[in-house]
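One structure is given below, encoded as structure tokens.
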């Protein structure tokens with residue numbers, strides 16, 4: 001168990017009964033007006049972004065996009081945004097920084113779902129810049145939790161994998177690498193299309209990498225997964241290791257009976273086991289957790 005999962009377990013143990021909603025990309029809460037989604041992501045200088053290759057507008061875009069990807073992982077509709085900014089003292093023109101940040105955030109919001117900023121907080125930071133974005137959305141009525149995979153389901157993905165990892169490894173001139181890392185595009189419409197043809201699905205995004213996502217679904221659904229490594233979509237210059245273990249691609253990973261146009265089948269869900277695992281279809285060998293993305 002990595003440090004992030006250990007900390008989440010500690011938090012859940014500390015919260016008791018109220019921790020039941022913890023464990024997916026978003027918390028799904030039933031309110032009198034319907035089912036709503038709540039998600040929050042931190043975006044920290046030199047952990048999640050570097051001025052070496054991020055513009056401030058890129059930072060604004062991605063700090064929202066990662067949250068919208070969580071909403072997409074529940075096939076929801078984003079409604080409202082809260083933004084917390086802790087700005088480093090070494091930002092010489094803070095007005096210009098904030099203006100450029102919100103230009104990027106607003107561009108992302110207007111292109112993907114049209115959610116509105118309704119408030120937030122802003123303060124100084126004695127260290128590095130840190131951003132916290134919360135998105136509130138309307139939930140899909142169908143069930144699409146990580147625990148919903150069933151034996152016989154097929155495994156589908158959107159887009160392609162490894163471009164963000166390829167960018168971070170130094171291949172920064174490839175246009176798709178730059179797009180995937182700096183300005184990911186949350187798959188909101190594809191997720192809703194998926195749930196129109198399925199009564200339920202196990203659905204999450206690949207922000208921590210494809211293999212990490214597959215193991216999350218396998219563990220929470222208590223099933224084994226078998227994938228065709230040759231079917232994993234990737235560019236020719238992207239290594240298989242980058243496609244499997246590289247993070248921050250923000251594609252959808254799905255286990256469901258069927259999928260509409262825009263999804264690619266890469267495997268199948270197998271009978272449950274006491275120790276859920278992910279296998280290579282061609283060689284029937286277990287795909288190890290390997291160098292999955294770690295937050296600590």
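Per-structure values
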{"quantity": "Residue within the range 266-289 that is surrounded by fewer than 15 Cβ atoms within 10 Å (Cβ to Cβ), at pLDDT 95 or above and closer than 28 Å to residue 142 by Cα present", "calculated": "no"}
{"quantity": "Where a residue in the range 84-100 is assigned by TED's automatic domain parsing to the domain that holds residue 41 and its partner, wherever it lies, is assigned to a loop (DSSP other than H, G, I, E, B), with Cβ under 6 Å and at least six apart", "calculated": "87/129; 88/128; 88/129; 97/91"}
{"quantity": "Yes/no for residue 167 being under 19 Å from the mean Cα position of the chain (by Cα), over 24 Å from residue 41 (Cα atoms) and surrounded by 17 or more Cβ atoms within 10 Å (Cβ to Cβ)", "calculated": "no"}
{"quantity": "Residues satisfying the stated conditions in the range 106-123, i.e. farther than 17 Å from residue 80 by Cβ and in contact with a strand residue (DSSP E or B) (Cβ under 6 Å, 6 or more places away or on another chain)", "calculated": "122, 123"}
{"quantity": "Pair list, Cβ under 9 Å, 6 or more apart: the range 45-58 residue outside the structural domain of residue 84 (by TED's automatic domain parsing) and modelled with pLDDT under 95, other residue in a loop (DSSP other than H, G, I, E, B) and crowded, with 19+ Cβ neighbours inside 10 Å", "calculated": "none"}
{"quantity": "From 152, 162, residue being outside the structural domain of residue 75 (by TED's automatic domain parsing), on the phi > 0 side of the Ramachandran plot and touching a helix residue (DSSP H, G or I) at 6+ places or on another chain (Cβ under 8 Å)", "calculated": "162"}
{"quantity": "Breaking point among (1) touching a strand residue (DSSP E or B) at 6+ places or on another chain (Cβ under 6 Å); (2) closer than 24 Å to residue 201 by Cβ; (3) surrounded by fewer than 16 Cβ atoms within 10 Å (Cβ to Cβ), for residue 143", "calculated": "(3)"}
{"quantity": "Residues located in the range 40-79, provided they are assigned to a strand (DSSP E or B) and surrounded by fewer than 24 Cβ atoms within 10 Å (Cβ to Cβ)", "calculated": "40, 41, 42, 43, 44, 45, 49, 77, 79"}
{"quantity": "Only listed residue being touching a strand residue (DSSP E or B) at 6+ places or on another chain (Cβ under 7 Å), assigned by TED's automatic domain parsing to the domain that holds residue 268, surrounded by 21 or more Cβ atoms within 10 Å (Cβ to Cβ) and in contact (Cβ under 8 Å) with a residue 60 or more places away in the chain, chosen from 133, 157", "calculated": "157"}
{"quantity": "Where residue 130 falls short, out of the listed (1) within 23 Å of residue 247 (Cα to Cα); (2) in contact with a helix residue (DSSP H, G or I) (Cβ under 8 Å, 6 or more places away or on another chain)", "calculated": "(2)"}
{"quantity": "Positions within the range 80-127 being touching a helix residue (DSSP H, G or I) at 6+ places or on another chain (Cβ under 8 Å), part of a strand (DSSP E or B) and surrounded by 14 or more Cβ atoms within 10 Å (Cβ to Cβ), in sequence order", "calculated": "81, 83, 85, 87, 117"}
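The values are calculated or read from the model by the stated rules, or taken from the named source; none is laboratory data. Quick caveat, the model's predicted, so the values are computed rather than measured. Here Cβ is always computed from backbone atoms with ideal geometry, including for glycine, and neighbour counts include all displayed protein chains.
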